[in-house]
Amino acid sequence: MMENQAREKDLVLQVKDLKINIKTDDGILTPVRGVNFEIGKGETLGLVGESGCGKSLTSKAILGINAKNCKAEGEILFDAENLGMTDLLKLKPRGEEIRSIRGKQISMIFQEPMVAFSPMYTIGNQINEATLLHITRDKKKAKEISLGVMKKVGIANAEKRYDQYPHEFSGGMLQRALIAMALVCNPKLLIADEPTTALDVTIQAQILELMKELQKDFGMSILFITHDLGTVARMCDRVAVMYLGKIVETAPAVEIFKNPQHPYTRGLIGSVHKIGTKGQDKLFSIEGTVPVAMNLPKRCGFYDRCDKRIEGVCDVQEPELVDSGDNHRVACFACTGCPQAEKCGAEGGKA
Amino acid sequence: MSEPKQILDVQHIHMRFHSKGVCVRAVTDVSFTVNEGETIGIVGESGCGKTTLGRCIVRAYEPSEGDVYYTAADGERVNFVKIDKKTMKKYRKEIQMIFQDPYSSLDPRMTVYDIIKEPLVANFPKMPKAEMEQRIMDIAAKVGLNTSYLKRYPHAFSGGQRQRIGIARALVLNPRVIVCDESVSALDVSIQAQVINLLHDLQRDLKLTYLFISHDLSVVEYISDRVAVMYLGRIVEYAPTKTLFSHPMHPYTESLLSAVPVADPTVQTERIPLEGEIPNPANPPTGCYFHTRCRFCTEQCKQCAPEYKELEPGHFVACHRAEELKLKGFDYE
């Protein structure tokens, strides 16, 4: 609880009831359907979910870099320098204010470093872009700053690497360069969208350690988006599990692995094989696939795939996040008991 | 398994690619054997030659040197590398491949039915239509595809469903060996579990032999009976899965294992860092290929390449110091 109060004081980011609609030829998609979370200073929040659950759209909405046909509603409050708590969604997507935040106070690391860099410019040139835009107009100074960050993220021989093109870098080195680019302005919040998915395990471990170290040095908060529970366990303080555009469970990392409650979270954790338990049962698998987020009926999004569903309860209304103690919040009638207690009294609360 | 019957015997395979006067050694002197009904995991970082090795075995590439002996269903032992293409066709049916990316390995302009039919048409052009249809229906049902959807195109299917199509296509010829090249890497965890369970069930029912190529060590540990670790085109260690994961004997295996993220925040694994990066296979280091990144490197390692030999029954290692080193692996319950 202490932790909770401390967090209230210096929140860096607060997302309130974020909804995103996308107009398509077939109708309106609702990939994000009311997401709430907050990130405190120096905290790492893991946003976990499978592809298509809306985690990347959520992160891009924070920076206002979603495609034009994406309409975002709700509030994204960010503790901006000299603006105070600002609703990023209210800012003009190309306006002065958001541009002073984007890349400077909030920056992002993308999934595939090979795609994130332009092949036409040198690495140094691309890192310098951020430096020149946000820190100094002096090219000499900018280069110095950029080189300093490149060294900091562990790029050996930075002076030589500065003038090289992306194709001369390996995947791991390129990801380091991308991190350097994100950190050059000393951001308050770093959004890392699957930063290690495209990398080998050994390189992945290096990059994760690097990010942890840099977080200590720079004191920034990290929104860590991934589908890999192993990296979540290694990196995050708190975890929010997303399914079909909603957060279905959120808790401190240790708690969520020890005591997962939502059937989806349990399924996710159960379907990862733990080394050292060979020869045991079949892998747990969640039957079926994620439904398309269009014209969703008013019921729990996980209803079709859930093994704990309660007929007459879960299929008539959507559960909201409910406190279940220890900073743990779950959106599931089967876990927390449902409003119509008499109908599911037997199953409720047990799960 | 009472009497393990050898099905594949790979001996001293080399694969060199030449481009712009540079010779890239993708696979160097790889030897191992596979028994019938077994799953062999092949792990390593990207660029270590695991895919090339898989392709050499099915003869999608012509290996530069070496032999791949295959024991056919009728007991005949043939060398895939030496026989001509026509004879090879006879055996192609028995060894099939499942690819990594379910999005790019299926032709978007063919219906699923046609995709699964294609290998049948290619290998049994005289098969009656009705029999073909029967086989396609059977196999589709077996891999869990809804048979009423077979007239649809691949784009109408999700990633997991597409991978099932790829599996059906490989299985329709009743193969004995399947090379799975990163077959579950592109899938989400919950779907991954579905596909792995499916592969497991199929192996049990059809007595399949798998060569399972992957960089995901926990998946490999789950599915494999034996595991080969590759580094820079060579197998550095080959052992039964439990032995390899609990008592690795090669320093590279040890650091690879220590880097695996464990989905439990209370477990603090001590990572053994690997300095630097994989050397360029066009210009490999002298001596032991791993010496540039090895923390146990000696003068001997820099000078001469270690022999790949059986140190314990079934445990092959290529390291000068394998016997003296006490390396750490995972604890088994």
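The values are calculated or read from the model by the stated rules, or taken from the named source; none is laboratory data. All values reported here derive from a predicted model rather than from experimental measurement. Here the Cβ is made from the backbone with ideal geometry for all residues, glycine too, and neighbour counts use every protein chain on show. The protein model used for the area step is the full one, side chains on, heavy atoms only, and it has no ligands, DNA or RNA in it. Shrake-Rupley method; radii C 1.70, N 1.55, O 1.52, S 1.80 Å.
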Residues of the range A:199-221 satisfying the condition of being away from chain B (no Cβ under 11 Å), surrounded by 22 or more Cβ atoms within 10 Å (Cβ to Cβ) and of a type outside the set (A, V, I, L, M, F, W, C): A:221
Single residue of A:233, A:253, A:205 found to be modelled with pLDDT of 85 or more and touching a Phe, Trp or Tyr at 6+ places or on another chain (Cβ under 9 Å): A:233
Condition check for residue A:269: among the aliphatic types (A, V, I, L, M), farther than 30 Å from residue A:152 by Cα, more than 14 Å from the chain's Cα centre (by Cα) and open to solvent by 10 Å² or more (accessible area, probe 1.4 Å): yes
Residue that is nearest to residue B:201 (Cα to Cα), among those in the range B:32-62 that are touching a Phe, Trp or Tyr at 6+ places or on another chain (Cβ under 7 Å) and among the small types (Gly, Ala, Ser): B:41
Members of the range A:245-259 that are open to solvent by less than 30 Å² (accessible area, probe 1.4 Å) and more than 13 Å from every other protein chain (Cβ to nearest Cβ): A:245, A:247, A:248, A:249, A:250
Segments classed as helices (runs of 4 or more DSSP H), wholly inside the range B:204-295, with at least 2 members that are closer than 24 Å to residue A:172 by Cα: B:217-223, B:251-258
Scope the range B:253-285; condition within 30 Å of residue B:22 (Cα to Cα) and either facing chain A (nearest Cβ under 9 Å) or β-branched (Val, Ile, Thr) (or both); matching residues: B:253, B:256, B:274, B:276, B:277, B:278
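Okay, residues lined up against (1) assigned to a strand (DSSP E or B); (2) surrounded by fewer than 22 Cβ atoms within 10 Å (Cβ to Cβ):
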residue	(1), (2)
B:23	yes, yes
B:27	yes, no
B:33	yes, yes
B:41	yes, no
B:48	no, no
B:52	no, no
B:55	no, yes
Matching residues in the range B:176-205 - criterion: being more than 7 Å from chain A (Cβ to nearest Cβ) and of a type in the set (Asp, Glu): B:181, B:182, B:201, B:205
Residue within the range B:238-252 that is without any contact (Cβ under 8 Å) to a residue 60 or more places away in the chain, of a type outside the set (A, V, I, L, M) and either farther than 29 Å from residue B:56 by Cα or more than 9 Å from chain A (Cβ to nearest Cβ) (or both) present: yes
Residues that are farther than 16 Å from residue B:38 by Cα and either open to solvent by 10 Å² or more (accessible area, probe 1.4 Å) or in contact (Cβ under 8 Å) with a residue 40 or more places away in the chain (or both), drawn from the range B:182-197: B:182, B:183, B:185, B:186, B:187, B:188, B:189, B:191, B:192, B:194
